[in-house]
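The values are calculated or read from the model by the stated rules, or taken from the named source; none is laboratory data. Model, not experiment: these values are computed from the prediction. FYI the Cβ positions are ideal-geometry reconstructions off the backbone, even for glycines, and counts take in every protein chain you see.
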Amino acid sequence: MLKRISRWTQHSLYKKLIVKMIKFNQVYKRYPGGHEALRNLSFEIAEGEMVFLTGHSGAGKSTLLKLIAAIERPNGGSVIVKGQNTKSLKSAALPYLRRNLGLIFQDHKLLFDRNAFDNVLLPLQICGYDHRESAKRVRAALDKVGLLKREKANPIALSGGEQQRLCIARAIVNRPSILLADEPTGNLDAEYSEEIMHIFKSFHQVGVTLVVSTHDEGILRRFPARALHLKQGELQP
Amino acid sequence: MKGLIIQHWQVIRLTFQRLMHTPIASLLNILVIGIALSLPMGGYVLLKNLQSVAGQVAGPPQISVFLALDTSQAEIDRISKQLKEHAAVDRIEFVPRDLALKQLQQSTGLEDVVGGLARNPLPDAFIVYPVAMDVQKLELLRDDLKSWPHFEHVQLDSSWARKLESILRFGRLAVGILAAMLSFALIAITFNTIRLQILTRREEIEVSKLIGATNGFIRRPFLYYGFLQGLLGGIAAWLIIALSLALLNYSLVGLAQLYGSSFSLSHLSFGDSLTLLVFSAYLGWLGAWLSVSQHLWQIEPR
Ligand SMILES: Nc1ncnc2c1ncn2[C@@H]1O[C@H](COP(=O)(O)OP(=O)(O)OP(=O)(O)O)[C@@H](O)[C@H]1O
Ligand SMILES: [Mg+2]
């Protein structure tokens, strides 16, 4: 009995330490055309950690997040997400990695051929949830970002901030274990950006790993957390 | 498993929605496919009808057996019995030599010549009506009969059957070539429809990939669309053929009465109809599959 428990503990420890985290090891990213967006990045993010990513425009914040989501692959070094090296990940396994990630894009990437509700529904359709369960989850997510009343609206009819919040709703509806947010408060006024940060914090509290990029250093003061500073593609101490 | 079924059901609904989203374009596509398919299938139907009509008009095939002049009545009775029992023989008719002479006299108008004959030069004969209709089996039966004793001459009137056969063979070849070419057309139509759909859904595909859609998930609605479009095209072809046959039959009524017969063109059999639908749906699916394989990998999210 004792042995079994200790093995189980070992296993969960192993999962906590190794599997559910993000690890960059001497990562280089060069875009076609020769521009080196990231240089020699090494860092780790533990499960359940909340990390801010700061830096000026062009510092490489979006690139770093794209490396985590395996949208881009490193030219040198390795990126390991949930124990999987994104470079050697088979293309058939990629979708299943991404289902664990909630992605909030700088340019939203909302679909304008369907209403807000259906935009948030898409991740659940992809995972094959039944209709009633999905509808419940979609409304809960919309409620969380304060868009429940606009579920029938086309995203094109939403303000920039509302679009951003819709994008957040879509990212959280599938209850991801890692949330990657690229400037999620970029278009929001102080009140809403505060609210969004509180939403993120509530996710952090239930154990979601968060990586949030921002150029708003003020947020760091209001929400103390570890921060990674990027400067021209390099990590600042 | 349950999730998979739900996904498929969702995709089927989605496919119908997409089809209904652009009703005119969808309808035109389906019509074009229907017309393309109705040409070879219509040819096939006409050939089938030609075959059965030709059989009616020409009468059943027959084999004439002329006996040796010295065959006795007892032997004729025995032969008659044997022929009736033969598995490949439907029925027989005995033509005694006297009757044959009389018929010859009446029908040819050679009364003087025939009347001047010292004795009847004609042999007794049997007319054999075989069970089988096709040339090969008829010839087999003829060759069998040739080996019987007392049968001096066995004659199969198969020239009409051979002509019909060669016309039908030519017709089948033409229909086959037409079917092959128009099948390519159908695949091409679907290929292009799906290509346009993929282009207009580029964003959706990109975003879907970003949030964890498998290639199968992205592919499925396009494949279903091709399948459904092909199937509906097949149904359209069936209806086009039905309508054309109804029109033809309407004008054939007068013609048939003129010839004292009552044939009418019949539609595809149940099996053939099913084949048509399965085939058209499959071609639609194939066109969509080719298009998806060709175009989907080009869309990678950035
Ligand atoms: N697809 C690309 N092809 C070529 N160069 C790129 C590409 N994407 C980004 N870059 C370059 O890489 C560098 C880092 O870009 P990145 O988008 O990561 O910056 P960022 O920190 O997100 O900036 P911002 O705050 O403006 O969003 C920039 O110099 C940019 O020009
Ligand atoms: Mg950026």
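Worth pointing out:
Rundown of residues vs (1) buried (at least 22 other Cβ atoms within 10 Å of the Cβ); (2) within 22 Å of B:Glu300 (Cα to Cα), yes/no style:
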site	(1), (2)
A:Ile80	no, yes
A:Phe117	no, no
A:Val138	yes, no
A:Lys144	no, no
A:Ile156	no, no
A:Gly161	no, no
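- Listed here are the strands (runs of 3 or more DSSP E) enclosed by region A:192-237 that have at least 3 residues being farther than 21 Å from A:Ala169 by Cβ and within 15 Å of ligand 2 (Cβ to nearest atom): A:226-231.
- Qualifying residues in region A:26-42 (those that are without any contact (Cβ under 8 Å) to a residue 40 or more places away in the chain and near ligand 1 (Cβ under 8 Å from one of its atoms)) - the one nearest to A:Val206 (Cα to Cα): A:Tyr31
- Taken together, the residues in region A:64-83 that are in contact with a Leu (Cβ under 7 Å, 6 or more places away or on another chain), more than 8 Å from chain B (Cβ to nearest Cβ) and under 20 Å from B:Asn215 (Cα atoms) amount to 1.
Residues are listed down the side, and each one gets a yes or a no for (1) over 29 Å from B:Arg220 (Cβ atoms); (2) surrounded by 17 or more Cβ atoms within 10 Å (Cβ to Cβ); (3) assigned by TED's automatic domain parsing to the domain that holds B:Ala288; (4) modelled with pLDDT of 80 or more:
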| site | (1), (2), (3), (4) |
| --- | --- |
| B:His8 | no, no, yes, no |
| B:Ile12 | no, no, yes, yes |
| B:Arg18 | no, yes, yes, yes |
| B:Leu27 | no, no, yes, yes |
| B:Val32 | no, no, yes, yes |
| B:Lys48 | yes, yes, yes, yes |
| B:Ser52 | yes, no, yes, no |
| B:Asp70 | yes, no, no, yes |
| B:Ala74 | yes, no, no, yes |
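- Taken across region A:43-60, residues that are away from ligand 2 (no atom under 16 Å from the Cβ), over 21 Å from B:Leu210 (Cβ atoms), more than 15 Å from the chain's Cα centre (by Cα) and in contact (Cβ under 8 Å) with a residue 24 or more places away in the chain do occur, with at least one present.
- Index of the failed condition, A:His198 passing every other in (1) surrounded by fewer than 18 Cβ atoms within 10 Å (Cβ to Cβ); (2) on the phi > 0 side of the Ramachandran plot: (2)
Okay, residues lined up against (1) more than 30 Å from B:Leu50 (Cβ to Cβ); (2) not in a helix (DSSP H, G or I):
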{"residue": "B:Arg119", "(1), (2)": "yes, yes"}
{"residue": "B:Ala132", "(1), (2)": "no, yes"}
{"residue": "B:His153", "(1), (2)": "yes, yes"}
{"residue": "B:Ile167", "(1), (2)": "no, no"}
{"residue": "B:Ala174", "(1), (2)": "no, no"}
{"residue": "B:Leu178", "(1), (2)": "no, no"}
{"residue": "B:Ala185", "(1), (2)": "no, no"}
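- Here B:Ile24 fulfils each of the conditions (1) in contact with a Gly (Cβ under 9 Å, 6 or more places away or on another chain); (2) more than 14 Å from every other protein chain (Cβ to nearest Cβ) apart from (1).
- If you go through region A:84-134 and keep only what is of a type in the set (Gly, Ala, Ser) and within 23 Å of A:Gly207 (Cα to Cα), you end up with A:Gly102, A:Ser134.
- You will find that of A:Val206, A:Val211, the residue that is within 21 Å of A:Arg222 (Cα to Cα), away from chain B (no Cβ under 14 Å) and surrounded by fewer than 20 Cβ atoms within 10 Å (Cβ to Cβ) is A:Val206 and no other.
- Residue, modelled with the highest pLDDT, within region B:76-93, restricted to residues that are in contact with a helix residue (DSSP H, G or I) (Cβ under 6 Å, 6 or more places away or on another chain) and not small (Gly, Ala, Ser): B:Ile92
- Scope region A:204-231; condition in contact with a Gly (Cβ under 6 Å, 6 or more places away or on another chain) and more than 22 Å from A:Leu41 (Cα to Cα); matching residues: A:Gly207
- Residue check for A:Ala169: on the phi < 0 side of the Ramachandran plot, surrounded by fewer than 16 Cβ atoms within 10 Å (Cβ to Cβ) and either at pLDDT 90 or above or under 16 Å from the mean Cα position of the chain (by Cα) (or both): no
- Filtering region A:57-71 to residues that are near ligand 1 (Cβ under 6 Å from one of its atoms) and touching a Lys or Arg at 6+ places or on another chain (Cβ under 7 Å) leaves A:Ala59, A:Thr63.
- Matching residues in region A:61-94 - criterion: being touching a residue at least 24 places away in the same chain (Cβ under 8 Å) and more than 16 Å from ligand 2 (Cβ to nearest atom): A:Ala70, A:Pro74, A:Asn75, A:Gly76, A:Gly77, A:Ser78, A:Val79, A:Ile80, A:Val81, A:Lys82, A:Gly83, A:Leu94
- Residues that are more than 9 Å from every other protein chain (Cβ to nearest Cβ) and buried (at least 22 other Cβ atoms within 10 Å of the Cβ), drawn from region A:100-115: A:Ile104
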